[in-house]
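What follows draws every value from the coordinates through simple rules; no lab data is involved. Quick caveat: nothing in here was measured; it's all calculated off a predicted structure. Here the Cβ is made from the backbone with ideal geometry for all residues, glycine too, and neighbour counts use every protein chain on show.
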DNA sequence: TTACATTTGGAATATTTATTTCAAAAATAA
DNA sequence: TTATTTTTGAAATAAATATTCCAAATGTAA
């Protein structure tokens with residue numbers, strides 16, 4: 001029993017965090033699990049019983065007590081107080097979030113808060129504006145595709161990467177077109193009748209993506225577009241397009257709302273695909 | 001014993017508040033005291049024991065139990081849960097997550113709203129939790145670098161792409177390491193003394209990125225890490241790391257908050273760089 | 001006033017919850 | 001490999017916490 005004996009355990013949560021960072025590597029496996037869980041879910045530690053927490057972490061109650069003691073606390077209850085204290089006055093009861101948002105508008109803001117606020121607004125607008133049936137139709141198109149080809153450049157590239165990653169994880173075959181060193185015409189030729197082009201493009205619209213969409217539409221290949229404006233050159237009457245507009249902060253546009261929509265689109269596609277598969281059987 | 005028997009007590013705090021307003025007049029004197037106290041100090045009700053609370057209110061423990069029962073709860077503990085739920089950062093208790101997801105599966109609008117809500121939560125938490133000085137230090141590191149090398153795989157790849165895109169636009173020379181078909185050791189060799197590695201990694205942490213960080217730290221190359229936990233293997237005492245945690249929706253984690261932080265980091269880097277350039281002149 | 005109902009506090013009880021103990025398992029060193 | 005230390009889980013124990021019960025106090029209607 002050569003425990004990591006700490007004479008003076010961190011009495012406030014903000015001190016506990018760095019303490020765990022420094023000692024994490026030296027902790028036994030189970031104690032590491034607890035540490036990770038505690039840092040990710042401080043509210044659970046604060047509000048639940050040792051039995052309920054240990055079950056969520058996947059360890060025994062004894063381990064929870066050991067964890068607390070290894071830091072230097074008298075026991076689990078002693079440590080729990082620190083977690084409870086950390087959430088005493090901090091949390092805004094959900095309804096008051098908006099108020100605090102507006103209140104903070106006049107006071108001086110950090111750079112980060114500018115961006116978080118812009119992101120929140122963009123997401124709120126996305127939720128409000130998005131056409132549910134358009135989302136469903138787009139998902140259906142993608143779900144029916146043999147292969148989904150994804151294209152997008154510049155600021156859209158992270159979105160392409162994310163959609164590719166998520167779709168593949170969901171078992172939807174997809175290929176990133178942007179990275180390939182072919183001409184647009186060559187790329188378009190890769191798309192067969194039952195494939196779908198998923199094009200992402202934001203202002204200023206790159207000619208490449210636009211060209212690709214044009215060729216595909218001319219070939220009667222289905223196109224699903226994700227863009228920042230229905231007036232965008234890649235959004236047309238005869239395709240399926242989704243719109244998301246990011247709030248601008250001193251010339252910079254984020255991708256928070258866009259990523260949210262992208263995830264939603266991918267998950268919906270996965271769900272529709274799963275339904276189709278079931279129907280076939 | 002003609003108690004105010006309520007068959008269906010308010011299950012959420014926001015419903016309890018108006019309930020008490022309506023029934024306040026009909027309550028006995030002591031129960032009124034409890035009601036006033038509870039509305040003014042919900043956090044105390046949520047976090048303390050019945051003995052401690054009743055002492056603060058100036059009543060006996062029995063009165064607390066009676067109060068809870070008069071509203072319709074099974075007992076004090078039952079009522080306490082409602083108060084606890086109101087101060088959780090994560091809105092739903094684990095067990096109810098699946099239900100809510102299945103419920104939402106019928107209408108498309110709510111699928112999106114689940115994701116937007118998760119995104120908003122994540123961004124709110126980011127704003128609240130991020131260490132401003134850590135952000136500044138990380139930006140300074142990146143600003144001083146001759147070249148910023150960016151690494152990250154899987155879910156981190158979109159973040160890599162976005163940081164690369166934004167940094168380049170801001171005039172900060174940066175190179176994406178992930179795409180290169182070199183060994184980690186070879187990649188690490190590319191980094192000179194005055195370069196910085198910007199590593200992005202989320203659970204489950206890929207061995208590659210971790211290895212790269214290890215080599216760089218061994219070579220005394222500065223590392224700035226962006227991760228979902230300060231306990232992640234790529235976060236260490238001797239580097240500069242930023243933390244962002246995305247809320248999960250039925251197994252899917254978005255990137256909304258992460259993208260927000262990435263943009264913020266890039267912009268800050270650009271700003272610091274501009275200041276440095278000015279100082280040189 | 002008396003008779004009755006309601007409210008309240010205090011103590012006994014039941015229940016829940018944390019802690020300790022100890023033996024088995026796993027890891028480490030020789 | 002074996003010996004030794006460390007880590008872990010399960011059960012027993014201790015502590016705490018909530019709840020119930022009952023008698024006293026307070027209020028109310030005749």
Inter-chain Cβ neighbour average for residues A:38-51, partner chain, 10 Å: 3
For peptides B:170-176, B:219-225, sequence by mean Cβ density within 10 Å, most packed first: B:219-225, B:170-176
Per-residue Cβ neighbour rank within 10 angstrom, fewest leading, B:244, A:272: A:272, B:244
Percent antiparallel among DSSP beta bridges (both partners in the stretch A:111-280, rounded to 5): 10
For B:67, B:37, order by how many other beta-carbon atoms lie within 10 Å, fewest first: B:37, B:67
Across the identical copies, how the residue A:12 labels are spaced - nm, sorted shortest first, 7 Å along Cα→Cβ: 3.3
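Would you mind giving the mean number of other chain beta-carbons within 10 Å of the Cβ of each residue in A:123-136, as a whole number?
Values: counts 11, 3, 1, 5, 8, 2, 0, 5, 2, 7, 2, 1, 4, 3.
So the per-residue partner count for this stretch is 4.
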Distance between modelled label sites at residue A:128 and residue A:173, nm, 7 Å Cα→Cβ extension: 4.3
At R0 = 51 Å, FRET efficiency that the Cβ-Cβ distance of residue A:144 and residue B:29 yields, to 0.05: 0.15
Nearest-0.05 FRET efficiency for residue B:48 and residue A:110, computed from C-beta distance (R0 41 Å): 0.75
Label-point separation in nm, residue A:220 to residue A:250, each point 7 Å along Cα→Cβ: 5.4
Inter-chain Cβ neighbour average for residues B:153-159, partner chain, 10 Å: 5
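What's the FRET efficiency of residue B:62 with residue A:56 using the Cβ-Cβ distance as r and R₀ = 30 Å, to the nearest 0.05?
Values: r = 33 Å, r/R0 = 1.11.
With R0 = 30 Å, the Cβ-Cβ based efficiency is 0.35.
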